[in-house]
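Okay, structure first, notes after.
We did not get these values from a lab; they are worked out from the coordinates using the rules stated. Note that the structure is predicted; figures quoted are calculated from it, not measured. All Cβ positions, glycine included, derive from the backbone under ideal geometry; neighbour counts span all protein chains shown.
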Amino acid sequence: MKILVINAGSSSLKYQLINMEDESVLAKGLCERIGIGGLIKHTAGEHTASCEIDFPTHAEAFAEVVKQLSTGERAVISDVGEISAVGHRVVQGGEYFSESALITEDMLKKLEELNPLAPLHNPANIMAIRACQKIFDQSVPQVAVFDTSFHQSIPKHAYMYAIPYELYEKHHIRKYGFHGTSHRYVSARLSEMMEKPLEELNVITCHLGNGSSLTAVKGGKSVDTTMGFTPLDGVIMGTRCGSIDPSVVMFIEEKEGLTSQAVNDLLNKKSGYAGISGITSDQRDLVAASKEGNARAKLALNMQQYGIKKFIGAYAAAMGGVDAIVFTGGIGENSSETRIGVCRGLQFLGVDFDEAKNVEIHGTEAELTKPGSKVKVFVIPTNEELTIAKDTKALI
Ligand code: ADP
C-alpha cells in the first residue's frame, strides 16, 4: 500500500509518497510559489531535480506532483491508481476533532468554520484538500490529521484563559496547542525505546524547530502544552515572541503607532531569536555568532534555554514527576548546545546528563543520560509524515 502525505501552506505544498509495506519514503518534494509563479523540487531515491512550472493554484501543483511520481525514468509508480489514499496535515481541528478522521463534505464545512482560529493555515489546508479531490478519483480516500487533536485531552483548567467565560463560549478562545502529531510520535517511540508502556510514563516532549513547543504527556495523553490559542504562545522561537504580558501588545500599538495587524506581524515574524539577536532566526547562525562574541546572539540562546528549562520544571510539577524528557525538531535533534543549556542544572530533578554523549548526537535516536539516571533524556527525530501515513492507513 502506498500513501501520499500532504502538508500544504498558502503558497506551498510538501509531499511524501510512503510505501507502507516497509515504511520507506519512495519520493518526496516541495512545490513553492503557488499563485505567484511555481517551483517544484522533487527527490526520488538519491536523485533530486528542480524545475520552474506555473502553478496558478494548488490543483496545478498536485497535477505536477502526480506527473513527477508516475512518469519519466525515475517514476516510483506506474499509475496514479497505485496511490491507495492521501493523508493531509491540517493545523486546526478545533474542539470538533480529537482524532484523525476521513475527509467528508461535512468535515470541510466544519474546517471552514474554524478558519478564524487559524487564518494562515486552515484555508490553505482546505484549498489543498479540494485541489486533491479534483486530481484523484473520488474512490481514493483522504484523511485529515490535525496538529491540535493530540491536545484535546488537556483538562479544562489547563486550557482555559482567565478572561470572561462568555468569550470562550462565543469565540472558542482557549488553548488548543500545536505540533500534536510530533509530540504523539516521539512519546510513542520513547515508550518503545524504554520498553515501558506509555500508560506508565510521565514524559515532557520538547519539539524545538523554527516553531517550538513543549508538551506534558501523562500516560500517553497530552495534559498541557506551551502553544496556545495560536502557535505564538509558549517558549521563544525563531521569529515568534512566545509568552509575553498581553499589556505589551497595547503598549506597542500606542507608543509605536502601529495597527493591531502590524503588532501581530511584529510578534510573529520579527521577534524571537531574530528580534533579540537582530541578526538571525536560525539556531546554527545564532550559535556561530554567539561563539564569535555577539552578546545579543548569546542572550537569545540564554533566553531560549532558560524558557525551555522553566517549562520542564512546570510540567514536572503539573504531572507529579517526570520519567523522561525528549528532544526533537531541527534544534532538539541537532543542537547539543541547546540540550546542554537546558539539562545543566536539572540534577535536582534526577537528570544525570551525559555531556560527552550529548555532543556526539546529531539527528539520531539516542539516550543522553547515564545509566541509572532517575529521569532519562532522549533525542528522537520526529516523523510527522509517517504518523500521518499510519493514521491514514488505519482509517481506510
Ligand atoms: P520547522 O519548524 O520549520 O519544521 P525545523 O524543525 O526544521 O523547523 O528546525 C529548524 C531549526 O533547526 C533552525 O533554527 C535550524 O538552525 C536548526 N537546525 C537544523 N540543523 C541544525 C544543526 N545541525 N545544528 C543546530 N541547529 C540546527
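A few notes on this one:
- Once C-alpha pairs closer than 8 Å and six or more residues apart are averaged by separation and normalised to the residue number of segment 247-382, the relative contact order reads 18 percent.
- Extreme residue, positive dipole direction of the chain, given options Ala61, Ile173, Ile279 (C-beta unit charges): Ile279
- Placing dummy labels 7 Å off each Cα toward the beta-carbon, the span from Asn264 to Glu23 is 3.9 nm.
- Most mobile of Lys357, Lys109, Lys170 in a GNM of the chain (Cα contacts under 10 Å): Lys170
- Pairs with C-alpha atoms separated by more than 20 Å, drawn from the list Lys196/Lys310; Lys41/Lys390; Lys14/Lys134, are Lys196/Lys310; Lys41/Lys390.
- Label-to-label distance, Lys170 versus Leu349, with points set 7 angstrom from Cα along the beta-carbon direction: 3.9 nm.
- Here the relative contact order of segment 96-174, from alpha carbon pairs under 8 Å that lie six or more residues apart, stands at 42 percent.
- Label-point separation, Lys374 to Glu195 (7 Å along Cα→Cβ), nm: 2.4 nm
- Between Ala394 and Glu254, the contour length at 0.36 nm per residue exceeds the alpha carbon distance by 45.2 nm.
- Rounded to the nearest whole Hz, the Karplus-based 3J(HN,Hα) values (6.51 cos²θ - 1.76 cosθ + 1.60, θ = phi - 60°) of segment 364-381 follow the sequence 10, 5, 6, 8, 10, 10, 6, x, x, 4, 5, 9, 9, 10, 10, 9, 9, x, with x at glycine and proline.
- Here segment 136-157 is scanned for amide nitrogen atoms under 15 Å from the site 7 Å beyond the Cα of Lys110 along Cα-to-Cβ, giving 143-153.
- Theoretical FRET efficiency, 1/(1+(r/R0)^6), r = Cβ-Cβ of Ala288 and Ala356, R0 25 Å, to 0.05: 0.65
- Summed residue charge, Cβ within 13 Å of Ile380's Cβ, Lys/Arg positive, Asp/Glu negative: -1
- Farthest towards the positive end of the charge dipole of segment 258-396, among the residues Leu395, Thr328, Val351, is the Cα of Val351, using unit charges on the Cβ of Lys, Arg, Asp and Glu.
- Order of His183, His47 - criterion: other Cβ atoms within 10 Å of each residue's Cβ, fewest first: His47, His183
- Cα gyration tensor, segment 198-294 - rounded (a/c under 1.5), prolate or oblate: oblate
- Computed over segment 283-396, the ratio Rg/Rh where both radii use C-alpha atoms and Rh is Kirkwood: 1.03
- Remark: segment 213-229, residue by residue, has Karplus-estimated 3J(HN,Hα) of 8, 10, 10, 8, 10, 10, x, x, 10, 5, 10, 6, 8, 7, 6, x, 4 Hz, where x stands for each Gly or Pro and the curve is 6.51 cos²θ - 1.76 cosθ + 1.60 at θ = phi - 60°.
- With respect to the chain, whose longest principal axis is taken over its alpha-carbon atoms, helix 247-256 is tilted by about 80°.
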